[in-house]
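Structure, as structure tokens:
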Amino acid sequence: MDCIFCKIANKEIPKELVLENEELIAFDDIHPKTPVHILVVTKAHVASVKELENPELAGDMVMAAKKIAGEKNLDGYKLLFNVGREGGQEIDHLHLHLMGGK
Ligand SMILES: [Zn+2]
């Protein structure tokens, strides 16, 4: 499958990771829109929230983003799921945007 996030998750494409656990990785967005802009990405290929069936995975993504925000000393931040092209999703592999910083 020609999916860039799967390749990063499988270490086929080297990428500095902010976080890694059994089900998730996180790394800096290559086109940051805020001083801190990190993507929390599932290791398993799920195309988008529309295809997501595991509520625990969604919760774990939010908790991972919260942990990273704490490590980055972000007081406030945005957590954003873009869903589908019309929703602004550019990569068809589930990811959560963590955006913040001054
Ligand atoms: Zn993928």
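The values are calculated or read from the model by the stated rules, or taken from the named source; none is laboratory data. Please read these numbers as outputs of a predicted model, since none were measured by experiment. Using ideal geometry, Cβ is built from the backbone for each residue, glycine included, and neighbour counts are taken over all protein chains shown.
Please return the ranges of strands (runs of 3 or more DSSP E) entirely within the chain where 2 or more residues are in contact (Cβ under 8 Å) with a residue 12 or more places away in the chain and in contact with a Ser or Thr (Cβ under 7 Å, 6 or more places away or on another chain). Break it down stepwise before answering.
Numbers: elements: 24-28, 36-42, 77-80, 95-100.
Once the strands (runs of 3 or more DSSP E) in the chain are filtered for at least 2 residues that are in contact (Cβ under 8 Å) with a residue 12 or more places away in the chain and in contact with a Ser or Thr (Cβ under 7 Å, 6 or more places away or on another chain), what remains is 95-100.
Scoring residue 7 on the criteria (1) within 11 Å of the ligand (Cβ to nearest atom); (2) closer than 21 Å to residue 83 by Cβ leaves a single failure, condition (2).
For segment 13-33, the criterion of being surrounded by 16 or more Cβ atoms within 10 Å (Cβ to Cβ), within 12 Å of the ligand (Cβ to nearest atom), closer than 15 Å to residue 92 by Cα and modelled with pLDDT of 95 or more is satisfied by no residue at all. Among the residues of segment 49-98, the ones that are under 19 Å from residue 32 (Cβ atoms), more than 16 Å from the ligand (Cβ to nearest atom) and within 12 Å of the chain's Cα centre (by Cα) come to 7 in all.
Could you check segment 34-48 and list, in sequence order, the residues that are of a type in the set (A, V, I, L, M) and either within 14 Å of the ligand (Cβ to nearest atom) or under 12 Å from the mean Cα position of the chain (by Cα) (or both)? If the condition is that a residue be of a type in the set (A, V, I, L, M) and either within 14 Å of the ligand (Cβ to nearest atom) or under 12 Å from the mean Cα position of the chain (by Cα) (or both), then 38, 39, 40, 41, 44, 46, 47 are the ones that fit. Collect the residues in segment 70-83 that are closer than 19 Å to residue 44 by Cβ and surrounded by fewer than 17 Cβ atoms within 10 Å (Cβ to Cβ), keeping them in residue-number order. Passing the criteria: 82, 83.
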